[in-house]
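Working notes, beginning with the structure itself.
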Amino acid sequence: MAPGSCFAFLPSICNAITLVLMFLILFSGFNGRLTELYWLRIDTAGLSSPSKLASSDFLNALSTVSGTDFVGPNITASSLGLPDWSSVHLLTECSHFADGRVDCSKPRYGFEFLPDRDLKLENTPLSLNHSQALTDSLTAYHKASRFLSGAHIIAVVASNLAPIESCFSPLLAAITSGIASLILFAASVASTIIFRNINNAWNAEFTTNNLTSSVGNIPVAFDFAGSVFTLFATIFYILNHRAQSRNNRSARSRRVVAHSVGNVDVGAGGAAARAGGRLWGRSDHKYVQIEEQQALQAHRDGAGSPDSLGKQRRLDDDWAAPDEYHSGGASSGAASSGPNIPLMTLGGNKQTKDLNTAYEPFSGPR
């Protein structure tokens with residue numbers, strides 16, 4: 001679940017409510033408990049049906065002539081051993097007797113209610129010719145009975161599984177609850193249509209025999225309520241997933257920003273240090289080392305003496321030796337009060353130089 005979300009516990013509460021409703025429907029017909037939660041109720045206390053021989057014209061005529069009843073009395077609920085009323089549940093069928101005793105069949109997945117068998121109508125002429133509407137409605141119920149049972153079992157499993165899944169993935173929990181909500185809604189609609197069709201067809205056919213039926217609304221209401229609560233759980237799980245995604249994105253953004261700021265600080269400081277080192281430390285240090293190495297190399301080669309240095313420097317185009325300075329109008333050996341102007345020697349081993357470019361050390365012959 002998304003930490004700190006206001007919807008963190010709401011989906012689990014919705015799942016818990018759905019779970020309770022589904023358990024009430026599943027266990028409504030176990031050992032006479034919760035038998036008021038029925039899908040269909042059939043009142044058999046006032047049953048009155050002629051015997052099977054009543055349809056024989058010969059026996060009826062013989063009974064009239066002889067004065068002896070060869071047909072037999074009408075069939076009643078007591079003669080068949082039927083209870084006052086019977087209830088149809090999701091997995092069972094229960095018989096309710098006048099003394100308060102309740103007998104329920106063994107729970108079975110995909111239970112099917114068979115009137116001829118469960119109400120012993122096979123011993124009466126009422127089972128001979130059913131109307132087409134009753135036959136079709138009972139056939140639809142038999143086809144949907146497994147789906148109805150499975151839908152409620154799926155709802156129970158989903159209500160238990162979704163809260164566990166939400167601890168790891170609210171989106172997966174939302175998918176589980178959403179599927180359960182759709183299946184449960186389909187089951188509630190199907191059960192409403194099927195049992196109402198059975199009820200209408202039943203009353204149309206057996207009302208004259210005092211064999212009436214009524215639809216139970218409580219299980220249908222529980223199904224619709226469970227579908228709605230499961231849908232709410234789905235919505236809350238989706239909200240939790242979105243909140244969790246926003247929190248994760250915010251956390252990633254904060255980590256990225258913090259990492260970027262750290263890189264900028266460290267990078268700027270490192271660049272400044274490296275720039276300072278090149279400008280003020282390392283570059284000067286390299287130049288000093290190069291000059292020292294050149295001086296040591298010159299000393300090793302015997303060029304460390306003033307004469308040798310002077311000879312080497314005389315060969316440079318942009319350097320004038322002291323003896324190349326001449327005073328204006330005086331002898332080379334005497335001191336002169338005027339300014340000494342360096343006069344470049346044009347002959348000897350020196351290259352021919354232009355006096356106009358003598359002060360331009362980087363100028364060369366053109």
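The values are calculated or read from the model by the stated rules, or taken from the named source; none is laboratory data. Just so it is clear, the structure is predicted and the values come from calculations on it, not from any experiment. In this analysis, Cβ positions are derived from the backbone assuming ideal geometry, glycine residues included, and neighbour counts consider all displayed protein chains.
Side notes on the structure shown:
- Qualifying residue in segment 184-197 (condition: part of a strand (DSSP E or B) and assigned by TED's automatic domain parsing to the domain that holds Gly150): no
- Of all the criteria given as (1) part of a loop (DSSP other than H, G, I, E, B); (2) surrounded by fewer than 16 Cβ atoms within 10 Å (Cβ to Cβ); (3) touching a residue at least 40 places away in the same chain (Cβ under 8 Å), the one not satisfied by Phe168 is (3).
- Scanning segment 201-231 for residues that are of a type in the set (S, T, N, Q) and within 21 Å of Ala140 (Cα to Cα) gives Asn203, Thr212, Ser213, Ser214, Asn217.
- Verdict on Ile198 being of a type in the set (A, V, I, L, M) and surrounded by fewer than 21 Cβ atoms within 10 Å (Cβ to Cβ): no
So that you can scan it fast, the table gives a plain yes or no per residue for (1) buried (at least 16 other Cβ atoms within 10 Å of the Cβ); (2) at pLDDT below 90; (3) polar (S, T, N, Q); (4) closer than 29 Å to Ser188 by Cβ:
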{"site": "Ile75", "(1), (2), (3), (4)": "yes, yes, no, no"}
{"site": "Leu82", "(1), (2), (3), (4)": "yes, yes, no, no"}
{"site": "Ser86", "(1), (2), (3), (4)": "yes, no, yes, yes"}
{"site": "Ser95", "(1), (2), (3), (4)": "yes, no, yes, yes"}
{"site": "Gly100", "(1), (2), (3), (4)": "no, yes, no, no"}
{"site": "Asp116", "(1), (2), (3), (4)": "no, yes, no, yes"}
{"site": "Asn129", "(1), (2), (3), (4)": "no, yes, yes, no"}
{"site": "Thr135", "(1), (2), (3), (4)": "no, no, yes, yes"}
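- Close pairs (8 angstrom Cβ cut-off, 6 or more residues apart or separate chains): free of Cβ contacts under 8 Å to residues at least 60 places away in the same chain in segment 9-38, outside any loop (DSSP other than H, G, I, E, B) and surrounded by fewer than 19 Cβ atoms within 10 Å (Cβ to Cβ) anywhere: Leu34/Leu24
- Some residue of segment 48-63 being modelled with pLDDT of 85 or more, surrounded by 15 or more Cβ atoms within 10 Å (Cβ to Cβ), touching a helix residue (DSSP H, G or I) at 6+ places or on another chain (Cβ under 6 Å) and of a type in the set (Gly, Ala, Ser): no
- Thr176 in contact with a helix residue (DSSP H, G or I) (Cβ under 7 Å, 6 or more places away or on another chain) and assigned by TED's automatic domain parsing to the domain that holds Ile25: yes
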